[in-house]
Structure formats: structure tokens, C-alpha cells
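Shown next, in C-alpha cells, is the structure this report addresses.
Read-outs throughout are calculated quantities, based only on the coordinates presented, and are distinct from any laboratory measurement. Computed from a predicted structure; not experimentally measured. Don't worry about glycine lacking a Cβ; one is built from the backbone with ideal geometry, like all the others, and counts go over all protein chains shown.
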Amino acid sequence: MKIIGLAGWSGSGKTTLMQRILPEIIGRGFTVSTMKHAHHRFDIDQPGKDSYVHRAAGATEVLVASANRWALMHEHRGTAEPNAAELIGHMSPVDILIVEGFKREPHDKIEVYRRVNGKPLLHPEDPRIVAVASDAALPDCPLPVLAIDDVGAIVDFVLAHCGLAAR
């Protein structure tokens, strides 16, 4: 399974870019999964549902399944947060896994950069950043700089970097 990340500061447009490149990659005949890091407390479950009751009662894992989907919820219960590699091990094989966030993890990444954020570029401190998708020209950048709105060029780069020929 080929892995590429989208990394950038909050508000840089990672999720928007993900939303735009997924249909393009899938439209070219590839299977894609995503993995997203949340810096905040989140819950996909709802109070009052049986699965919520199971977790509240102390279950470490609760799997909920239906004819349309299944979801596995795992409570850390005091253990350390797993790193990206550990979490990737739980993913089913696909052609490309796109990881959003996890900007400090050691997988190849495209930096998503918007000048209006006023944040520094990440690539000078991260040798695993292989390109920058930006809303501004970056003449001093030693990496490929892709226009953040040129979805086709970004997908071309992703597929070439992952060693996948167009189908």
C-alpha cells in the first residue's frame, strides 16, 4: 500500500484539498483510504446508543456493524496514543492511503501552505515533505511547488511519487 500525507498548520486547507483530490484519484481507477489525526477530543458515538453504553461500561473495543458499514472504536484506557505506523497497520489494503495531519510522523508528505495563515513553512524542518501545495509562489523553495487549486497536477504528482501509473 502506498502512503502519502497532507501536512500543514490548522486552517491551511488540508481537508478541502483531500475532498478535491479523492474523486480525481478514484476517477483514475485507484482505491483510496484516508486516515485523519484529530488534535481535539472527538467521539463518533452517541449517548444512549448501545455501543456508547458498551464503551461507558468499560469495553476497550466496540465494533458496530450494519449492512452499509462497520466501525471499530478503541478506547486507549490510559495507554499512549498510537503513532501513525501503528494505526496504518489496522487499515485494509488499498492502492493509496492518504494521511491527513500527523505532520511530525516519518512518512512522505505534501505540505499544504497558505500564506494568509502567517505560519512558517514546515518543509525546512521535515525531510519527509516531498512537495508543497501552495496558494502563493515560493521562489526559494527547493521542492516542487504545486498550485493548491490545480487538482490534476497534485494528483499527477501523488501518483508519480507513489510509483503508480495512470489506469
| task | Please identify every one of the chymotrypsin sites (Phe, Trp or Tyr not before Pro) in region 1-49 that sits in a loop by DSSP and has no more than 11 other beta carbons within 10 Å of its own beta carbon. | result | PHE42
| remark: Loop-resident GluC sites (Glu not before Pro) in region 1-100 with no more than 14 other Cβ atoms inside 10 Å, DSSP not H/G/I/E/B, are GLU75
| request: Return P(r) of the chain (all Cα-Cα pairs; 10 Å bins starting at 0; whole %; ordered from short to long distances). | output: 9, 34, 31, 18, 7, 0
| query | 222 nm [θ] for the chain, helices only, -39500 (n - 2.57) per DSSP H run of 4+, per residue, to 500? | reply | -6500 deg cm²/dmol
| request: State, in angstrom, two size descriptors of region 99-167 derived from its alpha carbons: Rg to one decimal place and Dmax to the nearest whole number. | output: 12.1, 39
| Relative to the first principal axis of the alpha-carbon coordinates of the chain, what is the inclination of helix 151-161, with its axis defined by its Cα atoms, in degrees from 0 to 90 and to the nearest 10? | 80 degrees
| query | How far is helix 14-27 tilted off the main Cα axis of the chain, in degrees rounded to 10, range 0 to 90? | reply | 90 degrees
